[in-house]
Amino acid sequence: MNVIEQARQAYAPSHTPLRTPRAVEEQLISEITGRLSNADTDFPHKVAAVHDNRKMWTALAVDVLDPDNGLPAELRAQLFYLAQFTDRHSQKFLRGEADLTPLVDINTAVLRGLRAQGSAA
């Protein structure tokens with residue numbers, strides 16, 4: 001290894017750059033949405049994806065209810081409504097009365113919104 005390569009290694013960042021909260025949210029929603037949309041016919045896999053989706057939406061609901069949340073009130077209300085819908089629809093799915101399409105559609109719409117805001121910022 002020559003001196004230039006040694007210098008590059010010595011001064012190169014030794015850690016992964018920090019990600020923004022929006023990037024973390026986007027990754028989580030994207031991962032769960034992928035699991036929901038690609039859930040095979042194995043019911044336990046579908047149930048696990050639905051469970052994780054419900055946990056995520058419950059956490060989002062709690063976050064938007066926080067008075068210190070910086071989102072506009074109207075958006076907070078819309079997200080809370082989506083969390084309630086997601087919970088009810090998940091229950092219907094678990095009873096065999098509905099499919100996963102609306103859950104995937106909601107998550108996909110939220111992802112589009114996050115990505116649009118990220119590119120505008």
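The values are calculated or read from the model by the stated rules, or taken from the named source; none is laboratory data. Bear in mind the structure is a predicted one, so any value in this text is a computation, not a measurement. Cβ coordinates were reconstructed from backbone atoms using ideal geometry, including for glycine residues, and neighbour counts include every protein chain displayed. Areas reflect the complete protein model, heavy atoms only, side chains present, ligands, DNA and RNA absent. Shrake-Rupley method; radii C 1.70, N 1.55, O 1.52, S 1.80 Å.
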Taking every other residue with Cβ under 12 Å from the Cβ of THR86 and scoring Lys and Arg +1, Asp and Glu -1, one gets +1
Could you compute the net charge surrounding GLU26? Neighbours are other residues with a C-beta less than 14 Å from the C-beta of GLU26; K and R count +1, D and E count -1. +2
The answer for segment 33-121, accessible area per residue at 1.4 Å probe in Å², is 61
Give me the net charge for the shell around PRO72: Cβ to Cβ below 15 angstrom, other residues only, Lys and Arg +1, Asp and Glu -1. -3
HN-Hα couplings for segment 45-52 via Karplus (6.51, -1.76, 1.60; θ = phi - 60°), in whole Hz with x for Gly/Pro, come out as 5, 5, 4, 4, 5, 5, 4, 5
